[in-house]
Amino acid sequence: MEEKKKRKTEDRKVEAETTPAQISLPRAIHLVPMDRLAGFDVRPGFYEINGATAIPGGVNFTVYSHGATSIELLLFHRMEKEPFAVLPFPHHYRIGNVYSMIVFKLNIEEFEYAYRVDGPYDPGKGLIYDKTKYLLDPYAKAVTGQSLWGDSSPHGQHYKARVVKDDFDWGTSKQPLLPMEDLIIYELHVRGFTKDPSSGVFHPGTFAGLMEKLPYLLELGVNVVELMPIFEFDEMLDYREVNGEKLYNYWGYNTVSFFAPNTSYTASTEYNREGNELKNLIQVFNQHGIEVYLDVVFNHTAEGNEHGPFFSFKGFDNNIYYLLTPEGYYYNFSGCGNSLNCNHPIVHQMILNCLRYWVTTYRVNGFRFDLASIMGRNEDGSPMNKPPLLQSMAFDPILGDVKLIAEAWDAGGLYQVGTFPAWNRWAEWNGRYRDDMRRYLKGDGGMAQTAALRMAGSRDIYEATTRKNASVNFITCHDGFTLYDLFSYNEKHNEKNGWNNTDGANDNASWNCGMEGDTDDPEVKELRHRMIRNAFALLMCSRGIPMFLAGDEFCNTQFGNNNAYCQDNITSWLDWNLLEKNQDIFRFFCHMIKFRKENRVLRTNLSDGVCGFPDISFHGEKPWREQFAAHERYVGVLFAGKEEQKAPEIVYVASNAYWEDLEILLPKLPGTMRWELMADTWESEFIGEKRLMGDTFVIRPRSVMIWKAMR
């Protein structure tokens, strides 16, 4: 009897030690005695806490599967291939389709874990449960086997997870909460940004290396850094060698785990504290007024189609997580083998939980959603009018201050630029801005009217929807030519990718300025630099949210490769030697970013107009044009407005895509106001401001001039 009382007292003590302070154990759990499995004391866990969570005295494991008949928890010693313990979830540890178990006396630093799931096998119905497969927890916060970049050894093993202790101290850190209209987005690849020795950092290719470049980013003037995928991904997927060059899945658009950061992007080992280096980066960037956005890939996973790997979602509920044809095959709207079934309630819930996790645990400021149109498809693959997932994101309280940016198309032919289901909450990558401005800049006929509309915020696309700050304007991004290559190559040169130059887009709207590729011709080189200045000047003087690709500010090149997804080398890495070589371009970028920040009228409608000018007006070689003729290649756009108790802002952007000089008559200013020249791309270094005596000026061939009304 005394021994029984002693055991009861010990049970209550363990129970008190293992219950998180914020959670009250239901009375029923208090009454459940401990079981013994594989040498461990266990009892039912916390069913509403997904994944594996360290608690005082042990670890809580929660996992779910709709179709499983049984699930086993596998515990491994660090780096071992076979488990040292197998713990089947007892039947009474299951509520609904959720299995939850507390395992006591587990040290999170001494084990890794995975699952085995048994269930029916009927591929025609999408049921492919296989109890021999080791499965990665869909809610894993850290993944083993991916810590060393380019290490092929994990492919002879299994993915496993680690338990993460979240003890990062955010202190009194505050987020910048920048207005959408003020954003200037800088897209970069964490590894490629500093991997080349020319970067001069102590921790190349890592989050820490990126943080070493903070002074540079502050000098440049950007206020948003958008990171290409940093979720754990498999760079060894489709690994191959071409002409002695190792080709990886370098970009990272093949997610392995949605809740885990890529451990190969850290400068130091973070066992069981994975993510701290990234959190530190976000905290410091936010303290300096720079928001951090993640490029996230919820449209597909690295498991591919029926011939692809089998390591997580396929084993838990293949017919729920993926869009399947009636025959049980994978719909491939992503171009990568499978498509996530985003609007199924289970997947919907997981994605929302994931976004909330990155916002609350990492303080991420925004997300760019790769091939976001897939997230609006129904379970049969058809587009939905009001996709539940997209609507939930738009109104979710935790995501209330987070920027949501959609790549509003997919590889299945769905193109939703201007029609993406937005609830006045989502912004979009404006692919039409990119394509139209490229064609205008290189001098194609019939593009003047379209270019004017793009600069005016693409009101032909978005005005009818009453959507504010919807257009993310860009001329270059990771996908395609760099800005230097856009004006150095007529054709793509992707031979190094190993597909006989068949991959990548064929229609680039590029122009080599008269000579393909590298050249020593000074006239061609100067023209290319001027075209770069033209492109960036118009980007900074367009309504909407500007975005540009890291390295464009100093003429970084990919040597004509417009699909460098597999090039983990100087093709994709930034060559920082070019910064010193092209300081004039860098200074022009800094100047235009500063000019945009100082002139709010370029970013938003301040009023219906001022001094007799409407908010936005179009002008040709002579003032006031509603429509441009097909042969015209000159566009003038005037922005005018006034904030209360501030001076009027009037900015005139003159762009000449023609190959000859043009004489331009500016709109007449009232009173004592005069036009002053703020930028001229004809000059490699525009120094100072130049007042215009009168209203007429000459704009040189293929150049941009920016005028501002001054008293």
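Among the residues of segment 482-502, is any among the small types (Gly, Ala, Ser), assigned to a loop (DSSP other than H, G, I, E, B) and either more than 17 Å from Met180 (Cβ to Cβ) or at pLDDT 95 or above (or both)? Looking through segment 482-502, at least one residue is among the small types (Gly, Ala, Ser), assigned to a loop (DSSP other than H, G, I, E, B) and either more than 17 Å from Met180 (Cβ to Cβ) or at pLDDT 95 or above (or both).
Quick check on Tyr634: is it in contact with a Gly (Cβ under 9 Å, 6 or more places away or on another chain), surrounded by fewer than 20 Cβ atoms within 10 Å (Cβ to Cβ), within 23 Å of Arg459 (Cβ to Cβ) and touching a residue at least 24 places away in the same chain (Cβ under 8 Å)? Answer is yes for this residue. Taken over segment 644-679, the residue count meeting the criterion of being touching a helix residue (DSSP H, G or I) at 6+ places or on another chain (Cβ under 9 Å) and among the acidic types (Asp, Glu) is 1.
For segment 514-533, give me the residue count where each residue is assigned to a helix (DSSP H, G or I) and open to solvent by less than 20 Å² (accessible area, probe 1.4 Å). Explain how you work it out, then say what you get.
From segment 514-533, those assigned to a helix (DSSP H, G or I) are 522-533; that's our starting set.
Next cut, open to solvent by less than 20 Å² (accessible area, probe 1.4 Å) only: 524, 528, 531-533.
Result for segment 514-533: 5.
As a summary of the residue check, Val225 satisfies the conditions (1) touching a helix residue (DSSP H, G or I) at 6+ places or on another chain (Cβ under 8 Å); (2) crowded, with 22+ Cβ neighbours inside 10 Å; (3) assigned to a loop (DSSP other than H, G, I, E, B) except for the one numbered (3). Here segment 197-208 is the region considered, the condition is being within 22 Å of the chain's Cα centre (by Cα) and surrounded by fewer than 22 Cβ atoms within 10 Å (Cβ to Cβ), and the residue that is farthest from Gly275 (Cα to Cα) is Pro204.
The residues of segment 235-247 include none that are at pLDDT 95 or above and either within 24 Å of Met350 (Cα to Cα) or outside any strand (DSSP E or B) (or both). When Ala372, Ala427 are screened for being open to solvent by less than 10 Å² (accessible area, probe 1.4 Å), closer than 27 Å to His307 by Cβ and not β-branched (Val, Ile, Thr), only Ala372 passes.
Within segment 596-607, being open to solvent by 10 Å² or more (accessible area, probe 1.4 Å) and touching a residue at least 24 places away in the same chain (Cβ under 8 Å) holds for Lys597, Arg600, Arg603, Thr604, Asn605, Leu606, Ser607.
The test for being polar (S, T, N, Q), closer than 30 Å to Phe333 by Cβ and out of contact with any helix residue (DSSP H, G or I) (no Cβ under 8 Å at 6 or more places or on another chain) does not hold for Thr301.
Report whether or not Glu80 is closer than 21 Å to Ala142 by Cα, open to solvent by 10 Å² or more (accessible area, probe 1.4 Å) and in a strand (DSSP E or B). In short, no. Among residues of segment 126-150 that are farther than 18 Å from Phe76 by Cβ, those with a Cβ under 9 angstrom from a residue that is in a loop (DSSP other than H, G, I, E, B) and among the β-branched types (Val, Ile, Thr), sequence gap 6+ or separate chain, pair up as Tyr129/Thr69.
Would you say Tyr362 is at pLDDT 95 or above and open to solvent by 20 Å² or more (accessible area, probe 1.4 Å)? Talk me through it step by step, then tell me what you get.
Details: at pLDDT 95 or above: yes; open to solvent by 20 Å² or more (accessible area, probe 1.4 Å): no.
For Tyr362, the condition - at pLDDT 95 or above and open to solvent by 20 Å² or more (accessible area, probe 1.4 Å) - is not met.
For residues in segment 551-592 being of a type in the set (D, E, K, R) and out of contact with any helix residue (DSSP H, G or I) (no Cβ under 7 Å at 6 or more places or on another chain), which is farthest from Met678 (Cα to Cα)? It comes out as Asp568.
Of the residues making up segment 659-675, those that are under 27 Å from Phe628 (Cα atoms) and either surrounded by fewer than 16 Cβ atoms within 10 Å (Cβ to Cβ) or under 36 Å from the mean Cα position of the chain (by Cα) (or both) are Trp659, Glu660, Asp661, Glu663, Leu665, Lys668, Pro670. The single condition among (1) open to solvent by less than 20 Å² (accessible area, probe 1.4 Å); (2) part of a loop (DSSP other than H, G, I, E, B) that Gly335 does not meet is (1). If the condition is being within 18 Å of the chain's Cα centre (by Cα) and among the charged types (D, E, K, R), then segment 209-245 contributes Glu226, Glu232, Asp234, Glu235.
One residue stands out in segment 446-502 among those that are in contact with a helix residue (DSSP H, G or I) (Cβ under 7 Å, 6 or more places away or on another chain) and charged (D, E, K, R): the one that is nearest to Trp573 (Cα to Cα), namely Arg454.
Condition check: over 26 Å from Pro345 (Cβ atoms), of a type in the set (Gly, Ala, Ser), within 33 Å of the chain's Cα centre (by Cα) and modelled with pLDDT of 95 or more. Does Ala114 satisfy that? Write out each step before concluding.
Values: over 26 Å from Pro345 (Cβ atoms): no; of a type in the set (Gly, Ala, Ser): yes; within 33 Å of the chain's Cα centre (by Cα): yes; modelled with pLDDT of 95 or more: yes.
No; evaluated as a whole, the condition is false for this residue.
Residue-by-condition table, conditions (1) modelled with pLDDT of 95 or more; (2) of a type in the set (A, V, I, L, M); (3) closer than 18 Å to Phe258 by Cα:
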| residue | (1), (2), (3) |
| --- | --- |
| Leu127 | yes, yes, no |
| Lys141 | yes, no, yes |
| Thr144 | no, no, yes |
| Arg191 | yes, no, no |
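At pLDDT 95 or above, farther than 27 Å from Lys594 by Cα and in a strand (DSSP E or B), is that true of Glu663?
It is true that Glu663 is at pLDDT 95 or above, farther than 27 Å from Lys594 by Cα and in a strand (DSSP E or B).
Each residue in segment 248-277 was checked for being aromatic (Phe, Trp, Tyr) and either assigned to a loop (DSSP other than H, G, I, E, B) or open to solvent by 60 Å² or more (accessible area, probe 1.4 Å) (or both), and 5 pass.
Filtered by the rule that a residue be closer than 25 Å to Gly517 by Cβ and either modelled with pLDDT under 95 or among the polar types (S, T, N, Q) (or both), segment 531-559 gives Asn534, Asn556, Thr557, Gln558. Of the residues making up segment 672-683, those that are in contact (Cβ under 8 Å) with a residue 40 or more places away in the chain and not β-branched (Val, Ile, Thr) number 4.
Whenever a residue of segment 196-208 is closer than 17 Å to Pro261 by Cα and in contact (Cβ under 8 Å) with a residue 12 or more places away in the chain, its partners that are open to solvent by 30 Å² or more (accessible area, probe 1.4 Å) and among the hydrophobic types (A, V, I, L, M, F, W, C), lying with C-beta atoms within less than 7 angstrom and at least six residues away or across chains, give the pairs Thr206/Ala267; Ala208/Ala267.
What do you reckon, is Phe686 closer than 20 Å to Leu602 by Cβ, in contact (Cβ under 8 Å) with a residue 12 or more places away in the chain and open to solvent by 10 Å² or more (accessible area, probe 1.4 Å)? Considered against the rule, which asks whether it is closer than 20 Å to Leu602 by Cβ, in contact (Cβ under 8 Å) with a residue 12 or more places away in the chain and open to solvent by 10 Å² or more (accessible area, probe 1.4 Å), Phe686 comes out as yes. Only one entry in Gly400, Gly413, Gly443, Gly457 is on the phi > 0 side of the Ramachandran plot and open to solvent by 40 Å² or more (accessible area, probe 1.4 Å), namely Gly413. Annotation note: Cβ proximity below 8 Å between a residue of segment 165-183 that is more than 16 Å from Met547 (Cβ to Cβ) and of a type in the set (Asp, Glu) and a residue that is assigned to a helix (DSSP H, G or I) and modelled with pLDDT of 95 or more (sequence gap 6+ or interchain) occurs for Asp166/Thr361.
The values are calculated or read from the model by the stated rules, or taken from the named source; none is laboratory data. The structure presented is a predicted model; accordingly, all values stated were derived computationally and were not measured. Glycine gets a Cβ as well: all are built from the backbone with ideal geometry, and neighbour counts include every protein chain shown. Areas reflect the complete protein model, heavy atoms only, side chains present, ligands, DNA and RNA absent. Shrake-Rupley method; radii C 1.70, N 1.55, O 1.52, S 1.80 Å.
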